[in-house]
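Worksheet: one structure, shown below.
The values are calculated or read from the model by the stated rules, or taken from the named source; none is laboratory data. A quick note: this is a predicted structure, and the numbers were derived from the prediction, not measured. Here Cβ is always computed from backbone atoms with ideal geometry, including for glycine, and neighbour counts include all displayed protein chains.
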């Protein structure tokens, strides 16, 4: 059996947790429709349709109350970041294929680690381009040294 002192402490802890839960933690009263929209956004993002997710979130946020907007805003931030990362990768590949390696390198560096679809490929291209730049510098040194 617990001593009276321990029981009082437990009651105080429970009371504190209750106060925090009721008064401090933000209330999120998401409706079934809100949860369904969030599921749809997650599905769009899973399939790398970030533009679609952003469009859906923009429409939804117009009708959200301030207290319920947080999960939508968090997903919006992530979708925008992933969209920018995917765009950077696409632009980098375009420059790479055109032979604009310095510009491609700049765009490959903008690919974010959260972009699991493109991040590894971007890092590989960065290493490849860096090695190419080093080889070009060495070749130029050899040519200028031979003259």
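Laid out as a table, the results:
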| quantity | calculated |
| --- | --- |
| Failed condition for residue 68, given (1) out of contact with any helix residue (DSSP H, G or I) (no Cβ under 9 Å at 6 or more places or on another chain); (2) surrounded by 13 or more Cβ atoms within 10 Å (Cβ to Cβ) | (1) |
| Helices (runs of 4 or more DSSP H) fully within segment 41-147 counting 2 or more residues that are farther than 30 Å from residue 31 by Cα, within 24 Å of the chain's Cα centre (by Cα) and at pLDDT 95 or above | 70-98, 101-108, 119-146 |
